[in-house]
Structure formats: structure tokens, C-alpha cells
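I have placed the structure first, in the form of C-alpha cells, so that the comments after it can refer back to it.
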Amino acid sequence: MKAFAPRSLDEAMVRLTEDPDLRLLAGCTDLMVGEPEDRLGLPGVLDLRGLSELRRIEWHDDALEIGAVTPFSQIRDSPEVQKSFPALAEAASKIGGWQIQNRASLGGNMANASPAGDSLPVLLVLEAQVVLVGPEGTRTVPYREFHLGYRQTALGPGEIIGWVRLPKPPENAMQFFRKVGAREAQAISKVVVALLADVSDGRVSEYRLAAGSVAEVPLRLTEVEKAMVGRAAKAEIANLAGHLAAQAVRPIDDVRSTAEYRRFALEQVVRRMTLQLVRRVPE
Ligand SMILES: Cc1cc2nc3c(=O)[nH]c(=O)nc-3n(C[C@H](O)[C@H](O)[C@H](O)COP(=O)(O)OP(=O)(O)OC[C@H]3O[C@@H](n4cnc5c(N)ncnc54)[C@H](O)[C@@H]3O)c2cc1C
């Protein structure tokens, strides 16, 4: 099997243009645990881990850029992420266990496009932009237009995920992340929820809610969002938010959970997050 480890993004693009069948590789935590036929049948791999452009966390203008190959341990420990995007730092700390976090990358989580990817609802509420690098240059797509279906993305031929841009969130907005799994670590989510919300003058002024493992793709629950914005920030709205969230999704039964439990867990998590919001208690 051919294996290439380019040292620059330009070199990676040349390789990929010459050999479009090369499979991109980052932490390998999805790629190497897939079906043996898939792994053994790979025509060749392009290892992205040596590309410094894709392994960084830095501010550019008013957005924090995180390279696609950046492992979750670096995201989890980054002071910039912890300060401005605590929901992402929290999600990074809940992916697999420490061994997985040391290898698994944000770009790999996005490209794998599982409905249960833990970083994905967070990217939705942070309104992340995805920068794709291809033979013709770069293009930027909102993350909500990137994940198109079950394990389907907007990546075109010869394109790689370069980095994500996270716009600075509203000044006083609170962020929440909660993963419900069978264990504290090394568990794929039964339900995963992210919320970015704010209260001003006693009313909910911002409410961005997303959930994973409840549909083919992670979803922004826009009906709940519309119903919450403008409401008086009182404890009663928490029940309503949870109820509406549970009504808004059509989860399935599978090996990890039942649809009924997923709906129940989502209701409880959204209810609790909304209570914390109105009481301004951080997660
Ligand atoms: C024990 C275990 C526990 C896990 N627990 C969790 C968990 O709790 N939560 C969770 O969300 N996931 C979990 N995972 C899944 C996995 O760790 C994540 O999806 C991880 O983010 C994948 O990243 P990676 O760098 O390892 O990707 P890889 O395996 O290297 O690649 C995955 C896919 O993405 C493509 N790809 C990689 N980088 C790019 C790029 N820059 N541009 C375009 N395509 C790219 C590859 O070609 C491949 O198709 C777990 C996996 C294991 C083995």
C-alpha cells in the first residue's frame, strides 16, 4: 500500500491531485477500527498529521481557527478554547478516553459524519465555518451545510477539511454541553446536546440548541429556539424547552439505546440546561 506523509499543504494537494484515490488519514481512530475489508482494500493513504497549517489553534480577526488535524487533547487543554468556547473544551474532554483524545482529530470527527459525533452539535451552536482546501484553492461553508446526511458531507473530490473558524460568541452568552452514554468514558453517545444561550433584561435573548444521536445528522432544534427567544427567564420555561425538544426529534432504536430513552434523556438534559441558564449557573 502506498503511504505519503507530506510536509506542506501544497505538497498534500499535489499528491492528492496526482492520486485522487488516496485515503486521508489523521488520528486513525475511525479509519483503523473500520471493517477489515475497507482497511485492507485501501489503495493508499495520505497522512495529514505533519501539516502544521492543519494542526493549530489561533485567533484570526474575530474567529478562533482550529486546524482539522488538531487532536481533541489539545482542544480540551487550550486556554483559548476553554475561555471562549467552553462547550467545545467540554466535548473534547468527553470523546473516548485520554488515549483516544490524544489521537482523534476534530476534522476526523467531522469527516466521519456520524450522527453521534460529540463535537458536532457544538459546532452547530457555535455557528462554525468550515474551510475546505482543494485543488482550486479554499472555500468556506457553514458547518450546518457541511454534514449532509448519514456519513455524507459536502467534501468535494480532492478536497480536505483545512480548519474550522469559530466566530467570537456573544459576550455574556452561556454554553452547555452534555453527553449521555453508558459510561463516563469510552462510550458512544446515546444523546449529545449543546446549548448556547443568553438572558438580557429578564428575557431569553439568544437560544441556540443542537442535539446528536437523535436523527441521521446532528440537528439544530430551531422550533425550540424560536419558542424560547423572548420568553421571561423563569424556571417554568425549562419544562417547556425540554418538552418541545423531545417532540422535535424522531430518534431510532439501535444497539446503544431505544428511541424512547433517547427522547426522555433529551428532554431531561434540555430542561436542566435551561434551568441553569435562567439561574445563571454554569455547567
Ligand atoms: C475506542 C474509541 C472511542 C471513541 N469514542 C468516541 C466518542 O466518545 N465520541 C466521538 O465523537 N467519537 C468517538 N470515537 C470515534 C473517533 O475517535 C472520532 O470520530 C475521531 O474524531 C476521528 O478522528 P481521527 O483523527 O482519528 O480520524 P481518522 O480515523 O484518521 O479519519 C476518519 C475519517 O475522516 C477522514 N479524514 C480525516 N481527516 C480529514 C480531513 N482533514 N479532511 C477530510 N477528511 C478527513 C478520513 O479519510 C476517514 O474517512 C471513538 C473511537 C474509538 C476507537
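The values are calculated or read from the model by the stated rules, or taken from the named source; none is laboratory data. As the structure is a prediction and not an experimental result, all values here were calculated from the model. When we count neighbours, we look across all protein chains shown, and the Cβ atoms used for this are built from the backbone with ideal geometry, even at glycine.
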Checklist entry - Just one of the numbered conditions (1) free of Cβ contacts under 8 Å to residues at least 60 places away in the same chain; (2) within 21 Å of the chain's Cα centre (by Cα); (3) more than 23 Å from residue 143 (Cα to Cα) is not true of residue 256; which one? => result (1)
Next on the checklist: For a quick check of your reading: which strands (runs of 3 or more DSSP E) sit entirely within region 1-75 and have at least 2 residues that are within 24 Å of residue 166 (Cβ to Cβ)?
Outcome noted: 57-60, 63-67
Checklist entry - Can you spot a residue in region 61-71 that is surrounded by fewer than 18 Cβ atoms within 10 Å (Cβ to Cβ) and either within 14 Å of the ligand (Cβ to nearest atom) or not hydrophobic (A, V, I, L, M, F, W, C) (or both)? => result yes
Item to check | Which listed residue is more than 16 Å from the chain's Cα centre (by Cα), within 14 Å of the ligand (Cβ to nearest atom) and hydrophobic (A, V, I, L, M, F, W, C), from 51, 88 | outcome: 51
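Among the residues of region 36-43, are any touching a residue at least 24 places away in the same chain (Cβ under 8 Å) and more than 12 Å from the ligand (Cβ to nearest atom)?
Among the residues of region 36-43, at least one is touching a residue at least 24 places away in the same chain (Cβ under 8 Å) and more than 12 Å from the ligand (Cβ to nearest atom), which makes the answer yes.
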Item to check | Test: residue in region 106-114 that is outside any loop (DSSP other than H, G, I, E, B), more than 8 Å from the ligand (Cβ to nearest atom) and at pLDDT 95 or above | outcome: no
Item to check | Subset of region 162-179 that is within 16 Å of the ligand (Cβ to nearest atom) and among the basic types (Lys, Arg) - its residue that is farthest from residue 47 (Cα to Cα) | outcome: 178
Checklist entry - Is it the case that residue 162 is in the same structural domain as residue 122 (by TED's automatic domain parsing) and surrounded by fewer than 18 Cβ atoms within 10 Å (Cβ to Cβ)? => result no
Item to check | Checking residue 100 against (1) surrounded by 20 or more Cβ atoms within 10 Å (Cβ to Cβ); (2) β-branched (Val, Ile, Thr); (3) over 26 Å from residue 10 (Cα atoms), the condition it does not meet | outcome: (1)
